[in-house]
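Here the structure comes first, spelled out in structure tokens, and everything after it is commentary.
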Amino acid sequence: MYKFFKNILNLIKFKINIFIIFCILSVIILTNNYNKNFIKIFFSIIGIFFLSSSSFIINNILERNIDKKMNRTKNRVLVKKKININIIILILIIFLFLGIIILYKFVNFKTTFLTFFIFIFYSIIYTKFIKPYTIYNVVLGGISGALLPILSCFIVSSKINLKIIFFCIIIFLWTPPHFWSLSLYFYKDYKNSNLYMLPKIYGKKITRKYILFYSILLILFTFLIFIFNFANKIYFFLIFILNIVFFFIIYKLCFYYKKYIYYLNFIFSIKYLFFFFLFLIIDNFYYFKN
């Protein structure tokens, strides 16, 4: 039974789900419109978790033949047939049904619609029609993540202002360097797959230039948050330090050509987005109380 649940957690990419929920909750907190919406927020987390899990299950089903060819993914649940495919499809249907019902019944139509759109976009459109056919797959795939701040606003019926748009842009710009770093680290894996990845088509040098370009834009937009008065001095001080570390890693990635740096940037970029929102929350609470 333990192995079964462990396989389910791997199948639904549990850690990524937790990170998605963290980003959504962070933006909700930053809207300062959460005090009267605790019930909605609670049910939205559950509903989004079910739909997001469904999306990852479909992604695993559609990519199982590709996963067989890659060392990074060759031990995934569907590749090794650790769970019967019929059971997986049943879990998918249950999760999908519960997610839609919970969001529609206990949250609102806008949240249900946008979550379902993200579900369709990632699991079908991105996985089946974008990822295998264009070098800009991770850029376009970033749309699903970039919509999370808007989803947060829909949950608590908050207005979509320029600050929320900046959050969307930051997540959108964060996505390509994050995944291109992974594709550089597992270069041989992606070369053997039929995925149209940037390092495979145009090589490592061009990919490093793209990572540098998007990373600089990302850093600039994190500073624009302060320049446009969406955050205060505490945020500026903390994000300044974080960006120095981030740029140092990007610099080494682009000019030192060491394989471990690719993976280092992949891991650090996760922490980068986490700390970005954490710094904003710390800054927000400090100045909100004073």
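Since every read-out is calculated from the coordinates, none of them should be taken as a lab result. Remember, predicted model here, so these are calculated numbers, not experimental data. All Cβ positions, glycine included, derive from the backbone under ideal geometry; neighbour counts span all protein chains shown.
Sorting 25-35, 64-74 by their mean Cβ neighbour count within 10 Å, with the most densely packed peptide first, gives 25-35, 64-74. Pairs exceeding 32 Å between alpha-carbon atoms, taken from LYS128/LYS252; LYS40/LYS80; LYS13/LYS204; LYS82/LYS188: LYS128/LYS252; LYS40/LYS80.
Other residues whose C-beta falls under 15 angstrom from the C-beta of VAL139 contribute a net charge of +2, scoring Lys and Arg +1 and Asp and Glu -1. Highest-first packing order for the peptide set 130-142, 202-214 is 130-142, 202-214, based on the mean count of other beta carbon atoms within 10 Å. Among MET1, MET197, sorting on how many other beta-carbon atoms sit within 10 Å of each Cβ, with the fewest leading, yields MET1, MET197.
Counting only whole DSSP H helices of the chain, the ones at least 15 Å long by C-alpha along their axis and with mean Kyte-Doolittle hydropathy no lower than 0.5 are 14-30, 38-62, 85-106, 109-120, 162-185, 198-227, 233-255, 259-289. Pairs exceeding a 28 Å alpha-carbon distance, out of LYS74/LYS271; LYS131/LYS271; LYS68/LYS110; LYS6/LYS163: LYS68/LYS110; LYS6/LYS163. Grab the other residues whose beta carbon is less than 13 angstrom from that of LYS252, score K and R as +1, D and E as -1, and report the net. Net local charge, LYS252 excluded: +3. Cross-link partners for LYS81 among the aspartates and glutamates, with Cα-Cα distance under 19 Å and sequence neighbours closer than 8 places in the same chain left out: GLU63, ASP67.
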